[in-house]
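Scroll down for the structure; my scribbles are underneath it.
The values are calculated or read from the model by the stated rules, or taken from the named source; none is laboratory data. This one's a predicted model, so the numbers in the text were calculated from it and none came from an experiment. Ideal geometry is used to build each Cβ from the backbone, glycine not excepted, and the neighbour counts take in all protein chains shown.
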Amino acid sequence: MSADKVIPTAGRPLSPGAVALMLMLCLTWGFNQIAVKLALPDIPPMLQATIRSAGALPVLLIIGWLRGVKFFERDGTLGAGLLAGVMFGFEFVLIYQGLRFTSASRAVVFLYTAPFFVALGSYQMLGERLGVSQWGGLALSFLGVALAIGVPQANVDAKVIMGDLMIVGGGALWAATTVVAKGTRLRFVAPEKVLGYQVALSIPILGLAVWFFGESVTRVPGPLALSLMAFQAIWVVGTTFTLWFALVKAYSASKLSAFTFITPLFGVVASYFIMHDALNLAFGAAALLVIAGLFLVNRPNSAAGVPTDPLLNVTKT
């Protein structure tokens, strides 16, 4: 099957292969917040986001070229692609600016309100339905994340709240791009093209943000900052985001986004080993809440048959 001829499927439980892939993605995204923070002394936030998109675009084009993706073919996706690209760009303006005012731990909690926005958007626009137990699973997972991070925290002022709201706005835009990719003609094309629209359009948006906020590099970035930027551009955006949109095209958008609740937990563990943040006994209870919530959200219907892995149809050239 051609990379450009994708037949989407949705509404089925996540297969073991999809679960393993989501665990890898969540582990990567959990560390990404730390990577941004570690690079901040050398590279300001909006410039980081711009470099990340500019570095990811050629990686994405190479992956698509190897898979035979026709990036410039007229397929009726231009309007939806432009919309997704604009939202993607402003998503990271909000997230990176929000990180200037709020802590990384609070940011990761509020960013992962995105599954609630996805569930709402999927219900309203895609016709996807979540049962009572699945909504309860979403609630349990979010409670687990909040417990693991330890919100509310002390010393919260108006600036911190503003940063929190900006992060929530970024999470809402993240959810909106997921719903657009799932509910428009974008679902029929290769994930590299879907992400290509977003990365390409984010470059001028983020570049203008660098100018608007007056950012500049005051010293030559060190090896650590440069390696972290390569990690963000080549692996996080160029590779894992492509895999994410491949999964979005193959599975329920609500269930996939619910699974991303694991990401903050990975971020907490990574912070413990890398940033030497303290962990407490509440983390164990939080992990149990998240696992229980994910079980409820991804529990298959009794009438469902043995699930197959439609991701194979997405990645086959």
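Observations
- Enumeration of residues in the stretch 40-78 that are assigned to a helix (DSSP H, G or I) and among the small types (Gly, Ala, Ser): Ala49, Ser53, Ala54, Gly55, Ala56, Gly64
- Qualifying residue in the stretch 95-108 (condition: of a type in the set (D, E, K, R), farther than 19 Å from Val189 by Cα and assigned to a loop (DSSP other than H, G, I, E, B)): yes
- Any hit, the stretch 172-184, residues being among the aromatic types (Phe, Trp, Tyr), within 28 Å of Ala56 (Cα to Cα) and surrounded by fewer than 23 Cβ atoms within 10 Å (Cβ to Cβ): no
- Inter-residue pairs, beta-carbon under 7 Å, first closer than 20 Å to Asp157 by Cβ and in the stretch 94-118, second of a type in the set (Asp, Glu), 6+ apart: Thr102/Asp164; Arg106/Asp164; Phe110/Asp164
- Candidates Ala158, Ala190 - the one that is surrounded by fewer than 20 Cβ atoms within 10 Å (Cβ to Cβ) and aliphatic (A, V, I, L, M): Ala158
- Among the residues listed as Phe71, Phe92, the single one being at pLDDT 90 or above and buried (at least 22 other Cβ atoms within 10 Å of the Cβ): Phe92
- Check on Leu265, hydrophobic (A, V, I, L, M, F, W, C), modelled with pLDDT of 75 or more and crowded, with 22+ Cβ neighbours inside 10 Å: yes
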